[in-house]
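Asker: Sharing a structure here in structure tokens format.
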Amino acid sequence: MPKYQPKNSFESPRFSGPRTFMRLPYVEQLDEHMDFVITGIPFDSGQSFRTGARFGPGAIRDFSILLRPYNPEQDIHIFDYISGVDFGDIPIIPGYIAETYDKIVAGLTPILNRGIIPIILGGDHSITLGELRAVAKKYGPVALLQFDAHSDTWDSYFGQKYNHGTPFRRALEEGLIDVSRSIQIGMRGGLYGPEDLNDARKMGFEVWTTNQMKKAGVERMLEVIHHRVGSGPVFVTFDIDFLDPIYAPGTGTPEVAGASIDEALALVRGLHGLDFVGFDLVEVLPAFDHGQITSASAANIVYEFITLIALKKRQQLQQQKSW
Ligand code: MN
Ligand code: MN
């Protein structure tokens, strides 16, 4: 039986106790019983418009106490197969992005070195550059699978190279991602010019707008993703503004006419089979949320990330048995 699992909500009410993700144990000491850890990176000094995503990890945890351990859509009792904890937050430095990147690398490196999969709660999207630096140190350049209304491949904002609009151009320049296996999905909304998306394509990303995705449909989109990413390591980054503001009003730079939560959950569920090395969920901004709509969407997407890790473990166990 896996060592770390959520508190049993038949024994203690789910609204009791400290707010860890999904009522998992809060453990700061890494050990061999962890398949995944949830960790927050409450940094929002990279935001170009609304600030406040520093409170994202707390808001997602707050909603997550409602999540239950059996996932009927994937038919799996998650904690029969894996064990995981809430590792708390990485100690970032508000206002200091370069120093925060160092903190992120220092925080994630021991997790990755143990082969534990980090699931990171943001924070604004600038943090993903720090995450990819840590990931590439362990795995070399990985595929990037990005769900986002924005490509985040601008060169600079206000003359500054590091913020939530630029992380994937920087990641490419730094050699952290294998762009030939990387794909960006969900782009929409007004731009500064056609070069914004064309630049991403010229850099080598496969780019799918929300409209293209909706026309193709979820099943076709999943075929494209699996074909593109292939069997090598992949990092999944999910900007909550991929969703329509109906499902995620609490975010830094909302764009209308986005994906529904149904489409998003179906897409994430369909990722089963990929070789995940890490996940993040960014840009939740609770001050603009209403009735926990955004944190409900975010927590449920993270729940599907955890399920993917459990499915992978179950598959590995079944393969071992059949040998
Ligand atoms: Mn983004
Ligand atoms: Mn975005």
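Asker: Say we join alpha carbon atoms closer than 10 Å with springs in a Gaussian network model of the chain; which of Val224, Val37, Val234 then has the biggest fluctuation?
Answerer: Judging by the Gaussian network model, the answer is Val224.
Asker: Go through segment 253-263 residue by residue and turn each phi into a ³J(HN,Hα) via Karplus (6.51, -1.76, 1.60, θ = phi - 60°); whole Hz please, and just put x for glycine and proline.
Answerer: 9, x, 10, 6, 6, x, 6, 7, 5, 4, 5
Asker: How far is the Cα center of segment 230-261 from the Cα center of segment 291-323, in Å?
Answerer: Comparing the Cα centres of segment 230-261 and segment 291-323, I get a distance of 18 Å.
Asker: Okay, next question. Convert 37 °C to kelvin, take the viscosity as 0.692 mPa s, use the Kirkwood radius over C-alpha pairs of the chain as Rh, and evaluate the Stokes-Einstein diffusion coefficient in µm²/s, rounded to a whole number. Intermediate values should be presented prior to the final figure.
Answerer: Values: Rh = 19.4 Å.
Diffusion coefficient, whole number: 169 µm²/s.
Asker: Would you mind getting me the FRET efficiency between Lys3 and Tyr192? Use the beta-carbon distance for r and R0 = 41 Å, nearest 0.05.
Answerer: Efficiency at R0 = 41 Å is approximately 0.20.
Asker: What full-extension length gain, to one decimal in nm, is calculated for Phe49 and Tyr96 as 0.36 nm per residue of separation minus the Cα-Cα distance? Intermediate results must be reported in sequence, preceding the final value.
Answerer: On the way: separation 47, 0.36 × 47 = 16.92 nm, distance 1.73 nm.
15.2 nm is the gain from fully extending Phe49 to Tyr96.
Asker: Please report His150, His164, His33 as a ranked list, fewest other C-beta atoms within 10 angstrom at the top and most at the bottom.
Answerer: Going from sparsest to densest Cβ surroundings: His33, His150, His164.
Asker: In whole Å, what are the extents of segment 68-208 along the principal axes defined by its C-alpha atoms, from largest to smallest?
Answerer: 50, 37, 26
Asker: Tell me, what ³J(HN,Hα) does each residue in segment 178-190 have, in order and in whole Hz, if you take phi through Karplus 6.51 cos²θ - 1.76 cosθ + 1.60 with θ = phi - 60° and put x for Gly and Pro?
Answerer: With the stated coefficients, segment 178-190 comes to 8, 5, 5, 10, 9, 8, 10, 10, x, 4, 5, x, x Hz.
Asker: Would you please give the residues with an amide H less than 5 Å from that of Gly204, counting only those at least 5 places away or on a separate chain, with H modeled from the backbone geometry?
Answerer: none
Asker: May I pose another question? Given H placed 1.01 Å from N in the peptide plane, which residues other than close sequence neighbours of Gly258 have an amide H under 5 Å from its amide H?
Answerer: Result for Gly258 returns Asp244.
Asker: Using a cut-off of under 16 Å, list every residue of segment 43-76 whose amide N is near the label point 7 Å from the Cα of Gln318 along the Cα-to-beta-carbon line.
Answerer: 71-76
Asker: In nm, what is the difference between 0.36 nm times the number of residues separating Leu66 and Asp155 and their Cα-Cα distance?
Answerer: Length difference between fully extended and current span is 28.0 nm.
Asker: Looking at the chain, how many pairs of lysines come closer than 21 Å at the Cα, when each pair is eight or more places apart or spans two chains?
Answerer: 10
Asker: Moving on to the next point. Counting other beta carbons within 10 Å of each residue's own, what order do Asp275, Asp262 fall into, fewest first?
Answerer: Neighbour counts put them in this order, fewest first: Asp262, Asp275.
Asker: Using the 10 angstrom Cβ neighbour count as an exposure proxy, how do Asp241, Asp196, Asp289 rank, fewest first?
Answerer: Asp196, Asp289, Asp241
Asker: Here is a follow-up. Could you work out which residue, out of Glu28, Glu219, Glu11, moves most in a Gaussian network model of the chain, that is, has the largest mean-square fluctuation with Cα springs under 10 Å?
Answerer: Its mean-square fluctuation being the largest, the pick is Glu11.
Asker: Same structure again: Of the candidates Ala298, Ala257, Ala59, which one comes out as most mobile in a Gaussian network treatment of the chain with C-alpha springs shorter than 10 Å?
Answerer: The residue that fluctuates most here is Ala257.
Laboratory data are not the source of any read-out in this text; all were calculated from the coordinates shown. All values reported here derive from a predicted model rather than from experimental measurement. Quick reminder, even Gly has a Cβ in these numbers, built from the backbone with ideal geometry, and neighbours come from all protein chains shown.
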